[in-house]
Amino acid sequence: MSQVSITEVLTETDLKKFIKFPMDLYKNNKNYVPSLINDEKNIWDPKENPALQFSDAKKFLAYKDGKIVGRIAVIWNHNEEKELGISKVRFGWLDFIDDFEVSEALINLAIDFAKERNIKKIEGPMGFTNLDKAGMLIMGFDKLATMIGLYNFEYYSQHLEKLGLVKEKEWVEYEMDFPTVLSEKVKKFSELVAQKYKLKVLDFKNKKEIIPYIEPMFKLLDQTYNTLSTFTPITDEQIKTYKEKYFPFIDKNYIICVEDENHQLVSFAVTMPSYSRALQRSKGKLFPFGWWHFLQAGKKNDRANFYLIGIHPEYQRRGVTAIIFKEIFVRFNKMGVKFAETNPELEENKGVQALWQDYNPTNHKRRRTYSMEL
């Protein structure tokens, strides 16, 4: 029987293989959505990814019979330990064929990486911070993946559980048919809340007008989620990186910002047209023709994804979400959006899940991180 051999990714050639492996693994799967290849390259470039400034990270490829059969990245986030007191090795970019010897060899890399640093816990799949993709799919394998969600075969979780890893955190995702008529209840309530707290929705004329609000959005995101178990502080360098990474995809019609009478941002929502089919058709490349598919997805699309939503703690129980949803309703209907899908939400985050209760949401996906105490 052939043995599994492991190679650390150190060269540009190996990095290209590391990035393209899942594209080959899932090439016949209609629900897998590839990442943009250049974005994946930038993740491992210290000039492009500020998280590498406060993290130790390595990536590996697994081979069997001369073929690539798996990959994994291991990460030690020093800020997480320094600022939050959480000591663990994160593992991510985990993909493998249905071969237990392969998955065992990959997880053993994470274990060894942790032991070498006297760290007593591993957890994954996850990225460098809480803004990166996280959570192994455990339900919803027959659903189309999103631009910010991981996709994996059903056997992945079976392998990890067989290796002794256990559930650490779980996320839920919802999809809903967007209503064609706004309920009078939401309409009246949103007007009352706006009047009572002197709030208004910003009307952006173009994308440039959004730029001054990007940093306040991320700061508000910190304030919104800093009590959750997955929270890690967002640095200024990360804000700059995420702005550069996602701003090209932003449509002003999909960004909603609410400010108070002092022009302070109190709530925002970032939604986007679904780019899943565009990514599939472009095969992870914007050029020479991939950009066309993204352009078409932005112009005509009946499906949208919720990406980020932030609400200042002082306004979280004051009905501000009614203003957000009234505005989303108006814009989605204008643009022909009929279906909406949420981003992954922590199982424990009942407050965010409650936002969708008036729209008959269906929990169509679940994902989980697995951990092991060493």
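Counting the residues of the stretch 132-143 that are open to solvent by 20 Å² or more (accessible area, probe 1.4 Å) and either within 10 Å of K365 (Cα to Cα) or touching a Cys at 6+ places or on another chain (Cβ under 6 Å) (or both) gives 5.
Inside the stretch 347-370, residues that are surrounded by fewer than 20 Cβ atoms within 10 Å (Cβ to Cβ) and outside any helix (DSSP H, G or I) make up a count of 9. Here V69 meets each of (1) in contact (Cβ under 8 Å) with a residue 40 or more places away in the chain; (2) surrounded by fewer than 18 Cβ atoms within 10 Å (Cβ to Cβ); (3) not small (G, A, S) with one exception, condition (2).
Let's see how each residue does on (1) free of Cβ contacts under 8 Å to residues at least 12 places away in the same chain; (2) in contact with a strand residue (DSSP E or B) (Cβ under 8 Å, 6 or more places away or on another chain); (3) not basic (K, R):
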| site | (1), (2), (3) |
| --- | --- |
| K120 | no, yes, no |
| N130 | no, no, yes |
| L137 | no, yes, yes |
| I148 | no, yes, yes |
| S157 | no, yes, yes |
| E209 | no, no, yes |
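Each residue in the stretch 148-164 was checked for being buried (at least 20 other Cβ atoms within 10 Å of the Cβ) and under 28 Å from K285 (Cα atoms), and 5 pass.
For the stretch 270-283: of the residues being assigned to a helix (DSSP H, G or I) and of a type outside the set (K, R), which is most open to solvent (accessible area, probe 1.4 Å)? It comes out as Q280.
Here Y156 clears all of (1) touching a helix residue (DSSP H, G or I) at 6+ places or on another chain (Cβ under 9 Å); (2) among the aromatic types (F, W, Y); (3) not in a helix (DSSP H, G or I) except the condition numbered (3). Restricting the stretch 89-124 to residues that are part of a loop (DSSP other than H, G, I, E, B) and open to solvent by 10 Å² or more (accessible area, probe 1.4 Å) leaves a set whose member that is nearest to F21 (Cα to Cα) is I97.
Restricting L265, L286, L221, L295 to residues that are open to solvent by 40 Å² or more (accessible area, probe 1.4 Å) and under 22 Å from K208 (Cα atoms) narrows the list to L295. Looking only at residues in the stretch 159-203 that are within 23 Å of the chain's Cα centre (by Cα) and assigned to a loop (DSSP other than H, G, I, E, B), the one that is nearest to N301 (Cα to Cα) is F178. With respect to Y307, determine if the residue is out of contact with any helix residue (DSSP H, G or I) (no Cβ under 7 Å at 6 or more places or on another chain) and assigned to a strand (DSSP E or B). So Y307 passes the test.
The values are calculated or read from the model by the stated rules, or taken from the named source; none is laboratory data. Predicted model, so just to flag it, every value in this text is computed and none were measured. Because the Cβ atoms are built from the backbone with ideal geometry, glycine has one as well, and the counts that use them run over all protein chains shown. Note: areas computed on protein heavy atoms with side chains; ligands, DNA, RNA excluded. Shrake-Rupley method; radii C 1.70, N 1.55, O 1.52, S 1.80 Å.
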